[in-house]
Structure formats: structure tokens, C-alpha cells
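The values are calculated or read from the model by the stated rules, or taken from the named source; none is laboratory data. In this text the structure is predicted, and so the values were computed from the model without any measurement. Because the Cβ atoms are built from the backbone with ideal geometry, glycine has one as well, and the counts that use them run over all protein chains shown.
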């Protein structure tokens, strides 16, 4: 029996409002990812929340797990993709797991805009950094309502957000701040109250007021009470009120970001793009193991509806010249045979005349393992990347990112498990650190994200129709506002 069978039992017996709504998992091995995905997704749709540690992701960790339980670690990237698809929050330590679980026991914000309420500047700044770096927002608070709140606080306080009401701040002032965040500031979705012991007065009245406000607030309030030694007895009283304390603001902030950045379970029945499965099967069934030739690659891309630059394989100079005259200058010339074309000097861009075609054709044919030259249209646009790889046990991973040489330098890639739904494809693009480049930055034309997402889904549909595809790269695709076209592609089949 593995974690999958346990989840299946928890799923089939779950009754929301009766069963424990939070499930915490420690996993060393995933033998049945489809079963885990099915029952974790089902549980979350029923109202449960799941967080998990998956250990054994590193090579050394894999050896440790194997020696202890006989389990072999799965690809860590595949685990991330599986958890994302299921809606599971992935954690990496017991402390993080417990903090996520504690947050699960609170209402979650409707959005990512947080007010930080504090009487100590340092922790508020650290929490601001943590939340901002994790994709949350700390919006500025200003205007007449902010000025009205300021009149109720001591001179020297600040309501700009973080809202700092000083070490001398008291329970009454905290109540005014919470009420204002609830009723007067529409830009706030949730509040974090950081209140330790300044050593000036007992803090239990503050914690009692905090408890009462948490009962009636229509926006979530999260208590960060860091003075676990100085205010130990007061914090113990707060916990006896059936409350949870988050003693460290950074650990709290990281956990909140993880939860808010975890998407709901993906609908496995989402619509796939229409492709020519018969044509795809014809190519794959007749292909040997290994990398496919250009004609076979073209046939698969066309059958999957993947837009590509018009290309033609030529084996003599005259055909190379004829391609350019028929399709127009400039053209691209690439070797056929070597796997890594750029590494052997086998890619020539912007070839503008007949003499250059003839001289480059001779040079390219002289490169080791080259048996032909691929002629292509010369297009412009931002280079992006789509790939796929079969991962044992998990099926296929679909990857997307900025393309060309940047894929290797920056390793800025989003990954999902196939099949890929429209919402997943769109999210993959938005999650990229390079997303501002794809959108278009400083006057540069961006990439049509709708077309980019469609190409991602078509790659997913292709590997779903042909699971024998072990790996494939579309790198680069050239994208602008009107098209996203594959310029170079390689596909490896392993039956």
C-alpha cells in the first residue's frame, strides 16, 4: 500500500464538514501518479486542502530514500508538475508543512493585496520583502480614509502600508486600524498583524481584541506574535482562544505565497485542439527509434496543426538557389544530420543573394555528418521555446520558455504534465520570469500569447496521440503579434 491508496480511501470516505479538511503528506516514492492526481484533485474539489513534502529529489536524497524504503526518487520537475496539476501545495520542511497547514485553518484572501499592521518596523519590512518577492502586493494606503485613520493614532505613526502604530500603540488603536482595513480600504484583501511585547505594558488586551476582531472580520486576519519568550503566557492565552500563532513573519509569508500561487486542480476533461491522429500514427508507426528526419518532423508538425516556417530539404546547389528564388530572399540555411546544428556552425541566417547561397551550401555540406541542407524562410520575432519529454511513470512533461540560446543560459522554463489545458498553457506563459519580454518591453513587439498557448496545447496533443515520442524541441519558434511559427524542430522516438 502506498500514498496513492491512502488518498483513494480518504477521497472515497470524505464528507466535507465532518472529515478532517487538511491532509498533510510525506512522500518518498510516487508509483501511481495518475491515481494520486485523480484522488488529490477530487479531495480538493470537495473542499479539502492538501500539502505535501516529496523527498528524494536530489541524487543523494534518492540514494537515502532507496536505502531506507527501497523507493526510487522520481524526477523533481515531474513531481512539481504533478502537484501543480492536482492543486497540492508542495513544501520542503516540516516547519513549512506545519505553517501551510496552520494557514489552511484560516480563511484565505480573495486576492493578493495585503495590509501589514505592526508596531515594529523591522519585521514589517522583512514581511513586505517576502510577500512582494512571492508575487503578493502591499498596496499603498492613502486618501481621506487614510488621513482619518491617522488622526486616531499617535504622532509619528504611518498608515502608508505597512501600517506602523509604534511601540506605544495599544489595543484600541489596533481596533481602529482593523476596522479601517475592513470597511474603508477597498485595495486590501487581508491583514497581517505583527505584535510582540515592547516591554512597556501587558499585551494580553491586544491579543484579546485581535481574537474578537478575527471572529467578525470579513477579510482574513493573520496573527504574527513573535515574542514567544517575553510574552509566552499571553501567547498561550491567545492559543487557548482556539487561535494559531505564526511566530516568524518570513516563514509565514513564504507559506502564504505558496498557497496563493498554487492553482486549483485542472479539469482533466478540458477540450483538446483538433489534430490529424491518423496521419500522426502513420508517421510514428513507420519510424525507427531515434531522431526523425526533417520530412517526418514536418509531417508530424503539420498533422498536429503546429504552425511552422516553410522549409525544404535540398541536396544540391541548384535546388538551394531555386528555393530562394521561389520563396524570396533572405533565407536561412541549416545542416541536416548533426543534432546540435549551432554547435558545429551549421546555421546561417539572413542569406541575401545567390552567390552566398552557393558558397554557404558548399561549406555546410563539408560539416561532418551532414547529408543535406534545410532551406527556410527568414522571419523575424522574439525567440520562444516549446518542448516535451517523457518521464518514466509520469507520462510526458510539456515545457515552454524564452527560446534560442536563452533557454540554456537562463533556464527560465515552465512545466506542466500532459495533457495541457488552455488555462495551464496560459499560466505557463505568465509564470515565466521572462514574461515581460514576451509581452513586449520598451517598445519591442511582443509575442501573441494566445497563439503561443495554442502551440503549447498542440504539442501536448501530439505527444498524447504519439506517446512513443520520447522528447521533442521546437527551438526556436519566432513570435510576434501575428504569428508564432516553429523555425527549428527535432523529435526523438523511442518505442
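In the range 416-437, what residues are surrounded by fewer than 21 Cβ atoms within 10 Å (Cβ to Cβ) and not in a loop (DSSP other than H, G, I, E, B)?
Listed by number, the residues that qualify are 422, 423, 426, 427, 430, 431, 435, 436, 437.
Just the residues that are part of a loop (DSSP other than H, G, I, E, B) and either within 27 Å of residue 175 (Cα to Cα) or assigned by TED's automatic domain parsing to the domain that holds residue 220 (or both), please, taken from the range 93-125.
The initial filter retains those residues of the range 93-125 that are part of a loop (DSSP other than H, G, I, E, B), namely 93, 105-112, 119-120.
Hits for the range 93-125 are 105, 106, 107, 108, 109, 110, 111, 112, 119, 120.
Here's a check for you: in the range 8-18, which residue that is farther than 22 Å from residue 90 by Cα and outside any helix (DSSP H, G or I) is farthest from the chain's Cα centre (by Cα)?
18
Of all residues in the range 140-156, count the ones that are assigned to a loop (DSSP other than H, G, I, E, B), surrounded by 16 or more Cβ atoms within 10 Å (Cβ to Cβ) and out of contact with any helix residue (DSSP H, G or I) (no Cβ under 7 Å at 6 or more places or on another chain).
Residues that pass the stated criteria total 1.
Which residue pairs have Cβ atoms closer than 6 Å, lie 6 or more positions apart in sequence or on different chains, and pair a first residue in the range 426-450 that is more than 18 Å from residue 380 (Cα to Cα) with a second residue that is modelled with pLDDT under 90 and assigned to a loop (DSSP other than H, G, I, E, B)?
432/412; 433/412; 434/412
Each row is one residue, and each column tells you yes or no for (1) under 23 Å from residue 250 (Cα atoms); (2) surrounded by fewer than 23 Cβ atoms within 10 Å (Cβ to Cβ); (3) touching a residue at least 24 places away in the same chain (Cβ under 8 Å).
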{"site": "208", "(1), (2), (3)": "no, yes, yes"}
{"site": "216", "(1), (2), (3)": "no, yes, no"}
{"site": "224", "(1), (2), (3)": "yes, no, yes"}
{"site": "228", "(1), (2), (3)": "yes, yes, no"}
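Are there any helices (runs of 4 or more DSSP H) wholly within the range 243-310 with 3 or more residues that are outside the structural domain of residue 469 (by TED's automatic domain parsing) and touching a residue at least 12 places away in the same chain (Cβ under 8 Å), and if so which?
Here the list reads 249-260.
Against the conditions (1) assigned to a helix (DSSP H, G or I); (2) under 29 Å from residue 454 (Cβ atoms); (3) over 33 Å from the mean Cα position of the chain (by Cα), where does residue 408 fall short? Just the number, please.
(3)
Could you check how many residues of the range 344-370 are touching a strand residue (DSSP E or B) at 6+ places or on another chain (Cβ under 6 Å), surrounded by fewer than 20 Cβ atoms within 10 Å (Cβ to Cβ) and within 13 Å of residue 317 (Cα to Cα)?
1
If you check 79, 18, 89, which single one turns out to be in contact with a strand residue (DSSP E or B) (Cβ under 7 Å, 6 or more places away or on another chain) and either surrounded by fewer than 19 Cβ atoms within 10 Å (Cβ to Cβ) or at pLDDT below 95 (or both)?
79
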